[in-house]
1. Name the residue that is nearest to Phe132 (Cα to Cα), counting only residues in the stretch 167-180 that are surrounded by fewer than 16 Cβ atoms within 10 Å (Cβ to Cβ) and in contact (Cβ under 8 Å) with a residue 12 or more places away in the chain.
2. For the stretch 122-175: of the residues being basic (Lys, Arg) and within 27 Å of the chain's Cα centre (by Cα), which is modelled with the highest pLDDT?
3. Write out, first by first residue and then by second, each pair whose Cβ atoms fall under 6 Å of each other, whose residues are 6+ apart or on separate chains, and whose first residue, in the stretch 87-110, is not assigned by TED's automatic domain parsing to the domain that holds Ser141 while the second is among the aromatic types (Phe, Trp, Tyr).
4. Ser118 passes all but one of (1) modelled with pLDDT of 80 or more; (2) over 19 Å from the mean Cα position of the chain (by Cα); (3) among the small types (Gly, Ala, Ser); which number fails?
5. Residues that are within 20 Å of Ile106 (Cα to Cα): list the strands (runs of 3 or more DSSP E) wholly contained in the stretch 142-199 that include at least 3 such residues.
6. Of the conditions (1) at pLDDT below 75; (2) over 18 Å from the mean Cα position of the chain (by Cα), Lys6 fails just one. Which one is it?
7. In the stretch 182-192, what residues are farther than 14 Å from Lys129 by Cα and either of a type in the set (Val, Ile, Thr) or modelled with pLDDT of 90 or more (or both)?
Amino acid sequence: MKTDKKLIGTGLLTAFAASLCCITPVLALIAGTSGLASTFSWVEPFRPYLIGLTIFVLGFAWYQKLKPKKQIDCKCEIDEKQNFMQTKSFLGIVSVIAILLLSFPIYASVFFPKVNNSSIITQEYKTQKVEFTIKGMTCSSCEHHVKTEISKLKGIAEVLVSYENGNAIVKFDNKQTSITEIEKAINSTGYKSLKSKIK
């Protein structure tokens with residue numbers, strides 16, 4: 001039964017590793033250390049393999065648990081009580097946790113505060129629209145983290161962040177903030193603002 005424990009442990013570990021790059025920005029925001037957010041972005045290219053490994057390991061653990069047991073020809077009565085960690089219930093709990101971890105990027109946005117750009121921009125000619133190229137974002141969790149940090153600045157009218165395009169398009173009042181301040185906000189998340197382009 002040590003094999004069961006190893007399979008379950010491996011399944012949980014691979015599920016956690018697969019979602020690590022998306023969980024870290026949320027943990028960093030909660031802890032107030034936003035610079036640590038991009039620490040595990042290097043895991044993203046391995047995510048499909050880790051997901052596959054998690055599914056394989058947990059599938060094998062379920063197979064082991066559900067396959068018919070060999071009948072032993074013995075007249076002795078064997079009534080061995082199973083430890084909770086060896087039961088189907090425990091494997092079910094581990095499977096649900098693994099599914100929640102693997103699907104974390106889908107619901108990660110609920111952990112980020114709602115951004116309300118309530119800046120008052122009195123004259124349209126004061127606004128500027130700039131596109132920032134950002135390196136290191138790997139999922140929607142990264143997008144929300146960058147958007148949250150930029151939105152904390154005064155004079156931000158609109159922020160669109162895309163990890164797929166690796167950019168952020170920011171509309172802001174250039175009398176209240178600057179391109180340099182926005183770049184500092186982006187870099188404070190741990191992701192890197194490589195260049196900016198006025199639109």
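1. Filtering the stretch 167-180 for residues that are surrounded by fewer than 16 Cβ atoms within 10 Å (Cβ to Cβ) and in contact (Cβ under 8 Å) with a residue 12 or more places away in the chain, the one nearest to Phe132 (Cα to Cα) comes out as Asn174.
2. Out of the qualifying residues, it is Lys171.
3. Pairs that qualify, where the first residue is not assigned by TED's automatic domain parsing to the domain that holds Ser141 and the partner is among the aromatic types (Phe, Trp, Tyr), are Phe90/Phe84; Leu101/Phe16.
4. Looking at each condition in turn, Ser118 falls short on (1).
5. Values: elements: 156-162, 167-173, 192-198.
Correct list: 156-162.
6. Lys6 satisfies every listed condition except (1).
7. Here is the first cut: in the stretch 182-192, the residues farther than 14 Å from Lys129 by Cα are 184-192.
Lys184, Ala185, Ile186, Thr189, listed by residue number.
The values are calculated or read from the model by the stated rules, or taken from the named source; none is laboratory data. Quantities reported herein were computed from a predicted structural model and do not represent experimental measurements. We place every Cβ from the backbone using ideal geometry, glycine too, and count neighbours over all the protein chains shown.
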